[in-house]
Amino acid sequence: MTELLANIPTQLISLVTIVVLVALVWLFLTRTVLGRGFSVPLRTMLRPVETHEYPEKPRPVQPRFHGRHQLNRYADGLEKCIGCELCAWACPADAIYVQGADNTLEARYSPGERYAEDYQINYNRCILCGLCIEACPTRALTMTHEYEFSADTRQKLIYTKEQLLDEVPEGGEDPPHTDRQVRERGLNYYGGLAVTPPNLHGGKYRSAAAAPSVRAGAVVPPGELTASGELPHDPAAVGGQVRPDTGGES
Amino acid sequence: MGLESKLPNGILLTNVERFVNYSRSPSLWPATFGLACCAIEMMTTGGPRHDMARFGMEVFRASPRQADLMIVAGRVSNKMAPVLRRIYDQMSDPKWVLSMGVCATSGGMFNNYALVQGVDHVVPVDMYVPGCPPRPEMLLDGILKLREKISQETFAEQGARA
């Protein structure tokens, strides 16, 4: 008997042992209740990992994600916000505070009559619903993809105009500009539907008290001022550069 | 810790402080306090895709004695406020509170008679996470900022807070 065993090559013995062991493991994993239970984590170990590695590799959000707000500027640095407070009216949570003020000949912050002297968004209240974005007539207010703005005090979550304003685009200049500078630039801010400063076409600049007549005098027929080559119906046309993080809504 | 008040003057505890903070910050055990829709996002944060277990905090404790972070997720009604305070009081020191979502932070869009206008009327809050509801990444960001804050805390600050 021993001689018979000794004549079998050792390779064959080990091969048979391995086959038997594999068969036993296979039987255990497929035929027994316990083994079938164990096979689940074994199979899961071979699957691709589902977990997002968040702080190291944040996944990109959807293009129309509603993140933190941003106040946009025209290519020359003028603010798009005209202080109309429509965003504050639209806000269901009363999170937006706008205080408008008149542009003057010496200090012009936005095209048109008014600008936002103070602009605050209270992120203690804001539900990031985007109704303010829809209400904004000049696309001054848009939403970025930024969402990491937790803070340890409520005070830090009230964002002021300085924090919300976009950076000055290249070649632009931080307002206030003088009215003369804006006129000499000759940009067409509202897509040919209205003229930049109220007095561009010989209208006399007056205070906001006389606004209706001034506004009526400021409207020119479409197309008259489209010499700078922008499309007449795109309000964002003067904004120029497209920021990647706003999904092209700069 | 009470240690610093018993020591004579001139003994600095910076390294002890650092060690204590190091041992406290990386494994916060949250007490479940899901009150509304934010709780859904909180559960998602604990789930496999965002996996809070990576930060050593997968055990949501239903018993406040074993928890040291209360995530107030959702709007706090006036009726819930005493319960919330009791849970907070039952948690053992050191403890922290994270206000998740705008409703917990300030009442959010529900500015009415039924809701507490900010959970910090009831308990001291250490971190406010905005959003309605905050996505899981926002909550993780808040938690990581809270951990950062805990690791910077001095004994004097801790004593003042307790």
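None of the figures in this text is laboratory data; all of them are computed from the coordinates on show. Note that the coordinates shown come from a computational prediction; the quantities given were computed from them, not determined experimentally. Note that we place each Cβ from the backbone using ideal geometry, even for glycine, and neighbour counts take in every protein chain shown.
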(message) Need the full-extension length gain, A:GLN62 to A:GLU173, defined as separation in residues times 0.36 nm minus the C-alpha distance. One decimal, nm.
(response) 36.8 nm
(request) Note down the nm distance, to one decimal, between modelled labels 7 Å out along Cα→Cβ at A:LEU29 and at A:ARG47. (result) 1.6
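Need one word for region B:51-139: rounded, prolate or oblate. Basis is the Cα gyration tensor (sqrt eigenvalues a ≥ b ≥ c); a/c below 1.5 gives rounded, then a/b vs b/c decides. Provide the component values of the computation, followed by the final result.
On the way: a/c = 2.27, a/b = 1.24, b/c = 1.83.
Oblate.
Only helical DSSP H runs with n ≥ 4 go in: add -39500 (n - 2.57) per run for chain B, normalise by residue count and round the 222 nm mean residue ellipticity to 500 deg cm²/dmol.
On the way: 7 runs with 64 residues, N = 162.
About -11000 deg cm²/dmol.
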(message) I'd like the distance between the alpha-carbon centres of region A:1-75 and region A:135-193, rounded to an integer number of Å.
(response) 51
(message) Can you classify chain B as rounded, prolate or oblate using the Cα gyration tensor, where a ≥ b ≥ c are the square roots of its eigenvalues, rounded means a/c under 1.5, and otherwise it's prolate if a/b beats b/c and oblate if not?
(response) prolate
(message) Suppose we keep just the alpha-carbon trace of region A:45-115; what are its Rg and Dmax in angstrom?
(response) 20.3, 70
(request) Mind giving me the FRET efficiency for B:ALA160 and A:ARG183? R0 is 56 Å, r the Cβ-Cβ distance, nearest 0.05 is fine. (result) 0.45
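Quick check on region A:139-181: what does the Kirkwood estimate of hydrodynamic radius come out to from the alpha carbon pairs, in Å?
Numbers: mean 1/r = 0.0747 Å⁻¹.
Answer for region A:139-181: a Kirkwood hydrodynamic radius of 13.4 Å.
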(request) Pull up all non-local amide H partners of A:LEU165: gap of 5 or more, or a different chain, and H-to-H distance under 5 Å with H placed in the peptide plane. (result) A:LEU71
(request) Distance check, please: which entries in B:LYS79/B:LYS149; A:LYS57/B:LYS95; A:LYS156/B:LYS95; A:LYS57/A:LYS161; A:LYS156/B:LYS6; B:LYS95/B:LYS145 exceed 27 angstrom between their Cα atoms? (result) B:LYS79/B:LYS149; A:LYS57/B:LYS95; A:LYS57/A:LYS161; A:LYS156/B:LYS6
(request) Calculate one ³J(HN,Hα) per residue across region A:107-115 by plugging θ = phi - 60° into the Karplus curve 6.51 cos²θ - 1.76 cosθ + 1.60, and present them in order as whole Hz with x for glycine and proline. (result) 10, 10, 9, 9, x, x, 7, 10, 9
